[in-house]
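**Student:** Questions regarding the structure given below will be posed in turn.
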Amino acid sequence: MKIISKVMIKQIPWFFGMMAISIFTACSYLGEPLEDLAIQNRMVDQGDYIILQHASVNPTIGFVFYPGGLVDPHVYLCWMDELISRNHEIMVFSLKIPGNLSIFKNQHGASIPKDYPKIRHWLTGGHSLGGVSAAAMANRNPAPFSNVVFLGSWVTENYTLNQPQYRVLSISGSRDGLSTREKIDENEAFSPPRFIVTDPTIQSGQINNVTEFYEIPGGNHSGFGCYGLQNGDNEADISVSEQQELMLTAILTFIETLQP
């Protein structure tokens, strides 16, 4: 009989904890219909991922994004389009995972950089369970994915990023009923040292070995996408557009240090 390794045993608690957030509190969350023709013109479906970029610009920054568990990747296009509109150097790759459970294909985005050699800077990130997948990919591929963005998510011991080469942006919501501050704090040791940000336009000034942690006042778990209120989440004290405005500001501030 095959012996179960200690690593596999250690993975069980966090895996089922994160799966509980996704499977037992949700069915399948779909994006709102795309009525904006301009977004459709900037979007290219490559099969394994959706690309968003400005056609008139040769991007230099690639952002590989893992959607939350059982969440359709289209739910994030609402803010991704705004992201590339504010910084034309960014090219977003929103991953499409069979069953919308990226934890089973957490290396899904690892091969993308080789297909886009002109992009000089790379970062990865994800929402909820997708953040764990992004950490898993970054853990195995620190070059080029040493910059990681978490939206209502955290790093687990199995995929620790607490190494000098990593720089992390962790954005949470004070009203998040799923990825609570307590759960994020419990796993703080597996990210680089924390620098608490109270203003999304402020950054630590460090280019590595730091976790810039920003909690959006009144924000919730569902507000990191456009798909309504997720089961088990709390009602937000701010609108989705207000939450995503603060989130975008923090991400753009984080990305500023990647550009020469």
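Just so it is clear, none of the values below were taken in a lab; they were calculated from the coordinates. Everything numeric here is computed off the predicted structure, so don't read it as measured data. Positions of Cβ are backbone-derived with ideal geometry, glycine not excepted, and every protein chain shown enters the neighbour counts.
**Student:** Got a sec? Charge dipole of the range 6-256, +1 on Cβ for Lys and Arg, -1 for Asp and Glu; which of SER102, HIS88, CYS78 is way out at the positive end?
**Tutor:** Going by the charge dipole, the pick is SER102.
**Student:** In whole angstrom, how far apart do the alpha carbon centroids of the range 59-110 and the range 219-256 sit?
**Tutor:** Here the two parts' Cα centres lie 15 Å apart.
**Student:** Another question, then. Specify which residue in the list GLN46, ALA138, THR180 is farthest towards the positive end of the charge dipole of the range 6-256, using unit charges on the beta carbon of Lys, Arg (+1) and Asp, Glu (-1), about the Cα centre.
**Tutor:** ALA138
**Student:** Oh, and also: Non-local amide H neighbours of SER170 (under 5 Å, H modeled in plane, Pro and chain starts lacking H): which ones?
**Tutor:** PHE150, GLU212, PHE213, TYR214
**Student:** What number, in percent, do you get for the relative contact order of the range 112-260 if the mean sequence gap of Cα pairs under 8 Å and at least 6 apart is divided by its residue count?
**Tutor:** Normalised by residue count, the contact order of the range 112-260 is 20 percent.
**Student:** If I take every Cα pair under 8 Å that is 6 or more residues apart in the range 6-256, average their sequence separation and divide by the length, what percent do I get for the relative contact order?
**Tutor:** Working: 545 pairs, mean separation 41.2, N = 251.
After rounding, I find 16 percent.
**Student:** Treat the count of other C-beta atoms within 10 Å as a stand-in for reagent exposure and order LEU169, LEU52 from fewest to most.
**Tutor:** On the way: LEU169 26, LEU52 22.
Going from sparsest to densest Cβ surroundings: LEU52, LEU169.
**Student:** With a 10 Å Cβ neighbour count serving as the proxy for reagent exposure, in which order, fewest first, do VAL168, VAL64, VAL44 appear?
**Tutor:** Fewest to most other Cβ atoms nearby, the residues stand as VAL44, VAL64, VAL168.
**Student:** Hey, got the dipole for the range 6-256? About the Cα centre, +1 on K and R Cβ, -1 on D and E Cβ, debye to the nearest 20?
**Tutor:** Working: 15 positive and 25 negative charges, 224 e Å.
Computed about the Cα centre, the dipole is about 1080 debye.
**Student:** Which of the three applies to the range 87-197, rounded, prolate or oblate, going by the alpha-carbon gyration tensor with a ≥ b ≥ c and a/c under 1.5 meaning rounded?
**Tutor:** prolate
**Student:** Here is a follow-up. Spin-label point model (7 Å from Cα, Cβ direction): what's the ASP115 to ASN41 distance in nm?
**Tutor:** Between ASP115 and ASN41, the label points sit 2.5 nm apart.
**Student:** If you don't mind, another one. Kindly work out what percent of the DSSP beta bridges joining two residues of the range 6-256 are antiparallel, to the nearest 5.
**Tutor:** 20 percent
**Student:** Here's a follow-up. If I model the range 167-209 as equal point scatterers sitting on the Cα atoms and use the Debye formula, what is log10 I(q)/I(0) at q = 0.19, 0.23, 0.33 Å⁻¹?
**Tutor:** Per q value, in the given order, log10 I(q)/I(0) is -0.66, -0.92, -1.29.
**Student:** Ok, one more. Can you compute the charge dipole magnitude of the range 113-260 about its Cα centre, using +1 on each Lys and Arg Cβ and -1 on each Asp and Glu Cβ, nothing else charged? Give it in debye, rounded to the nearest 20. Could the numbers behind the result be given before it?
**Tutor:** On the way: 9 positive and 16 negative charges, 154 e Å.
Taking the Cα centre of the range 113-260 as origin, the dipole is about 740 debye.
**Student:** Can you tell me the length gained on complete extension of the stretch ILE202 to GLU245, counting 0.36 nm per residue apart and subtracting the Cα distance? Working shown, then result.
**Tutor:** Details: separation 43, 0.36 × 43 = 15.48 nm, distance 1.48 nm.
Using 0.36 nm per residue and subtracting the Cα-Cα distance, I get 14.0 nm.
**Student:** Then there is this: Which whole-number value in Å³ per residue fits the convex hull of the alpha carbons of the range 6-256?
**Tutor:** 114 Å³
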